[in-house]
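Structure first, then comments.
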4 protein chains.
Amino acid sequence: MDGFQRRREQKKQDILEASINLFMDYGIQKVSIAEIAKKAGVSQVTIYNYFENKHKLIHEVFIYYVDKAVENFEQVVYSDVPFNEKIKQIIFNKKEVATQINEEFYQYLMKEYSTEGNYIEQVYQEKTIPYFTKLFKEGKKQGYVNPNLSNEAIMFYIHMLKDYIQREDVYQNILPLTEEITDIFFYGTMGKKE
Amino acid sequence: MDGFQRRREQKKQDILEASINLFMDYGIQKVSIAEIAKKAGVSQVTIYNYFENKHKLIHEVFIYYVDKAVENFEQVVYSDVPFNEKIKQIIFNKKEVATQINEEFYQYLMKEYSTEGNYIEQVYQEKTIPYFTKLFKEGKKQGYVNPNLSNEAIMFYIHMLKDYIQREDVYQNILPLTEEITDIFFYGTMGKKE
Amino acid sequence: MDGFQRRREQKKQDILEASINLFMDYGIQKVSIAEIAKKAGVSQVTIYNYFENKHKLIHEVFIYYVDKAVENFEQVVYSDVPFNEKIKQIIFNKKEVATQINEEFYQYLMKEYSTEGNYIEQVYQEKTIPYFTKLFKEGKKQGYVNPNLSNEAIMFYIHMLKDYIQREDVYQNILPLTEEITDIFFYGTMGKKE
Amino acid sequence: MDGFQRRREQKKQDILEASINLFMDYGIQKVSIAEIAKKAGVSQVTIYNYFENKHKLIHEVFIYYVDKAVENFEQVVYSDVPFNEKIKQIIFNKKEVATQINEEFYQYLMKEYSTEGNYIEQVYQEKTIPYFTKLFKEGKKQGYVNPNLSNEAIMFYIHMLKDYIQREDVYQNILPLTEEITDIFFYGTMGKKE
DNA sequence: AATGAATGAGGGTTCATTCAT
DNA sequence: GATGAATGAACCCTCATTCAT
């Protein structure tokens, strides 16, 4: 990649990063192209040169985000720590984008167009589910997961925890509860067997 | 309340109902005053006569929504069924608005202004927490809740489940998992003690 | 029609008139909604309140224009003057909009959308052609039209003359040639039979 | 002309050809510099290197077009066929650009600036009119043109026919009428003398 | 109190043109 | 001389809000 290419790629990254940050802070619809342009330090038209229109930009931000999330997930799954540690990391590692998508993102895209849903579905089938399967097999072997439970149900719980905790308004308040929350995840409200 | 008053009150209700429905379906920002007016069968200006501006309208919709939710919650708590049934009802009774607010609502209001947060906080302190406390005491007595767990942690789980399941895109897919999900809530991923 | 209705109708007319004048002078694409608004003495948004979008406005201007033209044509056909006089009037009466549409109008609409074409076609079948038929029968009886000629060919000539002469840049220059032009129409370049 | 010069000249031609084709198909205003650049296989800036700005480009396209038209006209006039054949060729030979300019071209340039008008006027005085004079003298000698008619009037007819028939929307529909149309041109609506 | 009509401000997008390499 | 990248200005359109009746 020559200098031109590299600078072009860099600028694209800048715009994507500016977008993602603003979207996270203010939601998608509230953020205008003008704002993104300002934050990325380019003119509005430059954004159009790279992304054609706002929806295409959102789409690429979305892909960028999903890919980063999956990559992150992969790393944790293949890391060398016990099962319960992995779960904790998956659930609580904020900013290290999630296996599940931020709600407004998701809902926005689901309602407006369906292409994005396909991408998510595909990534899901090809990557997320296999990782989870591997993970749960491990969990069962280590005795953390009841073999009678379906993978779906556990995945649901993990997604939910991860997604919910990611919420700006939630994260702040539950940090002191981290231990208890993981405990409930493993042992339920009834508590540990002795 | 005389005829005038009553008709006035009725119209206000109509507007609130129209608003809440549209907000749920399309999100707050996508819904224009014109659309609300049309759905409520009044002119735009009438909305302004009752609510001053869009933000005030949202605010009142919000109050309306929270009050309804709390009322609902109260009923379940005081109903005559075992603890685990109550929990199931709280978590899975869709449409019977929640103890927790729809995310976009919340985020929107949190970001824009802080007044609403105070109201929620107040309702929380005065109503929601006491109900939960009563509920958990019951749960502990019936053996469903480990006495060592803090109320906060359990409330966190209930809120999360309720809120997450309320999501349009989620609800459809997890209905068959209902039983398993409640099981995990009570017994954790490790499963029942025998 | 009450005062409200009348004023509304009046304003709509104002906008249509402003549009048609500007379109005639500068072409359709060069004219912005802002300019029309200014000329009609209303705000841009008012135009949108009446016409939804620019294309719909153009469409209505178009209908307005075609209808006026046909009406005009009808009057001439049913008037009480000899055939050759009628032809002269049809061809040379400028501003009294034509049986045929201004080119840019036509081309623009033909290219962009096809609905308008249908309307023209319809008016053509239902009104213009019958009037022409009547007119030519008269012309043949009065000896101005060779019975061997098809109506289509004569209509072509009339349309052409009318349309061409309507052109801003042409009209000015051919006024002194009026007589000769009508002569050529009736007698050809070869000239009168004696 | 050396290699450099020649390649330069070639590129200019490419741009002019690309422009003229696009202008004919979509009208002047609808065609962007970007589109021309793409069709000509050069960068936008290259166009600016050759033509300074869009208006200058249009101007040169215009000259190019007029010159080609006159050249074409000249060929027909000096060809070795009878008068009526020449007329037919002038009028119906589509694509072989005309003695008269395409309307949008003309109107656009007339309205925007006046320089182009001068060029046309000049070509007109120096070339077109002399050719026509020669042509009509021939026509009169061969008995096709009434000697009492002014050259202006006949020129008007020819221009009009040529220009009108060039129109995309017209050309398609009048092909079957070719014979009749030429007949009317020579003999008028009253028909041939016997 | 209620409405139809009107508007200023702002958003997404396009385009002729210039900058930097 | 040629290009990819960048831009200011303008355009169509929407929306919360106000005016006039």
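The values are calculated or read from the model by the stated rules, or taken from the named source; none is laboratory data. Just so it is clear, the structure is predicted and the values come from calculations on it, not from any experiment. Cβ atoms come from the backbone with ideal geometry, glycine included; neighbour counts cover every protein chain shown.
Scan B:Lys30, B:Lys38 and give me the residue that is among the basic types (Lys, Arg), surrounded by 13 or more Cβ atoms within 10 Å (Cβ to Cβ), outside the structural domain of B:Ile120 (by TED's automatic domain parsing) and within 12 Å of DNA strand E (Cβ to nearest atom). It would help to see each step written out before you state the result.
Working: B:Lys30 fails: within 12 Å of DNA strand E (Cβ to nearest atom).
Only one candidate qualifies: B:Lys38.
Could you pull out the residue among B:Gly117, B:Gly139 that is modelled with pLDDT under 85 and assigned by TED's automatic domain parsing to the domain that holds B:Ser150?
Values: B:Gly139 fails: modelled with pLDDT under 85.
Result of the check over B:Gly117, B:Gly139: B:Gly117.
Scanning segment B:29-64 for residues that are under 9 Å from B:Ile15 (Cα atoms) and charged (D, E, K, R) yields a total of 1. Being farther than 17 Å from B:His159 by Cβ, within 16 Å of DNA strand F (Cβ to nearest atom), within 12 Å of another protein chain (Cβ to nearest Cβ) and at pLDDT 80 or above holds for only one residue in B:Ala40, B:Ala34, and it is B:Ala34.
What residue, of A:Ile15, A:Ile91, A:Ile47, is within 14 Å of another protein chain (Cβ to nearest Cβ) and either more than 24 Å from B:Gln29 (Cβ to Cβ) or within 12 Å of DNA strand F (Cβ to nearest atom) (or both)?
Details: A:Ile15 fails: within 14 Å of another protein chain (Cβ to nearest Cβ); A:Ile47 fails: within 14 Å of another protein chain (Cβ to nearest Cβ).
Going through A:Ile15, A:Ile91, A:Ile47 in turn, the sole match is A:Ile91.
Is it the case that A:Glu9 is exposed (fewer than 15 other Cβ atoms within 10 Å of the Cβ) and either more than 13 Å from DNA strand F (Cβ to nearest atom) or under 30 Å from A:Gln125 (Cα atoms) (or both)?
So A:Glu9 fits the description; yes.
Residues in segment B:47-92 that are within 16 Å of DNA strand E (Cβ to nearest atom) and assigned to a loop (DSSP other than H, G, I, E, B): B:Glu52, B:Asn53. In segment D:155-180, the qualifying residues are those that are at the interface with chain C (Cβ under 8 Å from one of its Cβ atoms) and of a type outside the set (A, V, I, L, M, F, W, C), and the one that is farthest from D:Leu135 (Cα to Cα) is D:Asp169.
Name the single residue that is farthest from C:Ile28 (Cα to Cα) among those in segment D:18-27 being part of a helix (DSSP H, G or I) and within 14 Å of DNA strand E (Cβ to nearest atom). Full working, then the answer.
Residues of segment D:18-27 part of a helix (DSSP H, G or I): D:18-26.
Remaining after also requiring within 14 Å of DNA strand E (Cβ to nearest atom): D:18-19, D:22-23, D:26.
On the way: D:Ala18: 24, D:Ser19: 21, D:Leu22: 19, D:Phe23: 16, D:Tyr26: 14 Å.
The residue in question is D:Ala18.
With respect to the conditions (1) within 13 Å of chain B (Cβ to nearest Cβ); (2) more than 15 Å from DNA strand F (Cβ to nearest atom); (3) among the polar types (S, T, N, Q), A:Gln29 lacks only one, and its number is (2). Residue-level analysis places A:Glu138 outside the set of residues that are surrounded by fewer than 20 Cβ atoms within 10 Å (Cβ to Cβ), touching a helix residue (DSSP H, G or I) at 6+ places or on another chain (Cβ under 8 Å) and within 7 Å of chain B (Cβ to nearest Cβ). Only one of the numbered conditions (1) at pLDDT below 90; (2) under 12 Å from C:Gly188 (Cβ atoms) is not met by D:Val170, and that is (2).
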